[in-house]
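The next block holds one structure in the form of C-alpha cells; read it before the comments.
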Amino acid sequence: MSFSTADLPVTIRDVFEARKRIAPLIQPTPLIYSHELSRQLNANIYLKLENLHEIGAFKIRGAANKILSLSPGQQQRGVTTFSTGNHGLAVAYIAEKLGIRAVICVSDHVARAKIDAIRRLGAEIVFCGDGQDDAENRCYELEKEQGLEVIKPFDDPYVIAGQGTIALEILEQYPQIDTAVIPLSGGGLFSGIALTLKSCDTSIRTVGVSMEKSAVMHESIKAGKPVVMKETETLADSLLGGIGKNNQYTFELVRQLADETLLVPEESIARGIRYMFDQHRMVVEGAAATGIAAFLNGNLTQTGKEIVVVISGSNIDLPLWLKIIGKEE
Ligand SMILES: *Cc1c(COP(=O)(O)O)cnc(C)c1O
C-alpha cells in the first residue's frame, strides 16, 4: 500500500466516533463459522451477518451516523433521500426512531411492496415521474425549498464511517482475519470496512465483489474514472445504480483500498442464496450472496486462510427466493 490510511478523507477515528454515536440504535451482529465453505476451500471462513438487522440490511449504520450527526435544527426540519432500496428503508427507520420527518422521493416505476414498506415506517412518499434521476432532482429541490437534509446512500463521510463500524466488530470477533470479502456497489460499505481494517493492519486483504451485469464501480476502477452504465436485471438488485458523475469519496477510496475487485455470474449468486439456506437456514438477498458466490464460482483464489465474508442483507421477494431455492443444483 503506497499511502497512509491517516491521510484518507475518512479515518478510523471517524469510525470510532460513529460507533459511539449509533450505539443506542444499532445492535452488533453475530459472526458465524461456515463449516462447509471452510472445508471446501481449506481455510477458515466466517460470515458477518448484517442480514440480521431489524430492517434486514447494514444500511441503518450509515444512515444512523449521518442523521445523528445533523444539528438539532437540521433534524427538526427533516431528511430526504431518493433511494428506494435498503437505504430508503434505513433512512425511514432511523427517522421514525428519532421522531423526525422523512420524505422519500420515488419514481413512478418503484414496486408497490417497497413503497408500502417505506410508508409503514411512517415516511412520506413523493412521486417524481419517470426515472431515478427525477427522484434525485426532486430531493435537491426539497432541500432548497424546505431545508430538508439529503441523506446520500454511500458518497458521504458519515455514511462511510457508519458502515465502517462493521469492521470494528469483526476485529473484536475475529482478530486473526487476513482477508475480507465485501459486496461492492457505490462503495460505502467497502470503503468503511476496508479503511478500518487497513488502519489496523495494512496486510489484511480486501476484496470487493459485484455481479457481472452493470458493475459500475468495478468498470470505473478499470477505466480510472467514474463511468455510466445501463442497468440490467440481476439477482443482486441492491448492487444496481451508478456511483455518480461527481463522486467525491468512494471512487477514490475503493481505488486505493481494494486489493482486488471481481465479478460473479448470476448462477453463482443463486448458488450463494441456496448455500445460505442449505447450510445456515438463512434467507439472504442476491447482493448479500455475492461473497459466497465468489468462492463457489472458484474466482476467488488469492486469499489468506482467515477469511470473513460480509453477508449484507436479507430483503428478497418471497416468490423469487422460493424459485431459487426450488431449483436443484
Ligand atoms: C447497499 C447494499 C450493498 C452495497 O453497498 P454500497 O455501499 O453501495 O457499496 C450491498 N448489499 C446490500 C444488501 C445493500 O443494500
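The values are calculated or read from the model by the stated rules, or taken from the named source; none is laboratory data. These numbers come from a predicted model, not from an experiment. Cβ: placed from backbone, ideal geometry, glycine included. Neighbour counts: every protein chain shown. Accessible surface areas use protein heavy atoms only, side chains included; no ligands, DNA or RNA. Shrake-Rupley method; radii C 1.70, N 1.55, O 1.52, S 1.80 Å.
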DSSP bridge pairs, the chain: antiparallel proportion in percent, nearest 5: 10 percent
Amide H partners (placed H, <5 Å) of Gly313, local residues excluded: Asn51, Glu285, Ala288
Distant-in-sequence amide H partners of Glu149 (H built 1.01 Å from N, under 5 Å): Gly78, Val79, Thr80
Whole-number percent relative contact order across the stretch 43-104, with pairs defined as alpha carbons under 8 Å at least 6 apart: 34 percent
Accessible area per residue, Å², the stretch 78-195 with all protein chains present, probe 1.4 Å: 35 Å²
Overall dimensions of the stretch 1-152 by Cα: Rg and Dmax, Å: 18.2, 58
Reduced Cα scattering model of the stretch 215-329, Debye log10 I(q)/I(0), q = 0.11, 0.23, 0.24 Å⁻¹: -0.40, -1.33, -1.38
The chain: relative contact order as a whole-number percent, Cα under 8 Å and 6+ apart: 20 percent
Separation in nanometres of the label points that stand 7 Å from Cα toward Cβ, at Leu52 and Glu17: 3.0 nm
Gaussian network model of the chain, Cα within-10 Å springs - most flexible of Val254, Val126, Val150: Val126
Which of Gln256, Gly326, Ala64, positive extreme of dipole for the chain (C-beta unit charges): Ala64
The chain, accessible surface, carbon-and-sulfur percent (1.4 angstrom probe): 48 percent
From phi via Karplus (6.51, -1.76, 1.60), per-residue ³J(HN,Hα) for the stretch 293-306 in Hz, x at Gly/Pro: 4, 4, 6, 4, 7, x, 9, 10, 10, 8, 10, x, 10, 10
Set of the stretch 258-286 residues, backbone N closer than 20 Å to the point 7 Å along the Cα-Cβ line of His35: 272-283
For the chain, alpha-carbon Rg relative to the globular expectation (2.2 N^0.38 Å, N residues): 0.93
Cα→Cβ-extended label distance, 7 Å offset, between Asp108 and Asp7, nm: 5.1 nm
Full-stretch length increase - Gln146, Glu124 - with 0.36 nm per residue and alpha-carbon distance subtracted: 6.5 nm
Charge context of Asp259, other residues only, Cβ under 10 angstrom, K/R +1, D/E -1: +1
Lysines with Cα under 25 Å of Lys245, excluding same-chain neighbours fewer than 8 positions away: Lys59, Lys66, Lys144, Lys152, Lys213, Lys222, Lys225, Lys230
Nonlocal amide H pairs with Thr206, under 5 Å, H built at 1.01 Å: Ala180, Asp259, Glu260
Estimated translational D of the stretch 165-263 in µm²/s (Stokes, Kirkwood radius over Cα pairs; 4 °C; 1.567 mPa s): 94 µm²/s
FRET efficiency estimate (nearest 0.05) - Cβ-Cβ, Ala43 to Asn246, R0 45 angstrom: 0.70
Surface accessible to a 1.4 Å probe, per residue, for the residues of the stretch 203-305, Å²: 43 Å²
FRET efficiency estimate (nearest 0.05) - Cβ-Cβ, Lys327 to Val228, R0 41 angstrom: 0.75
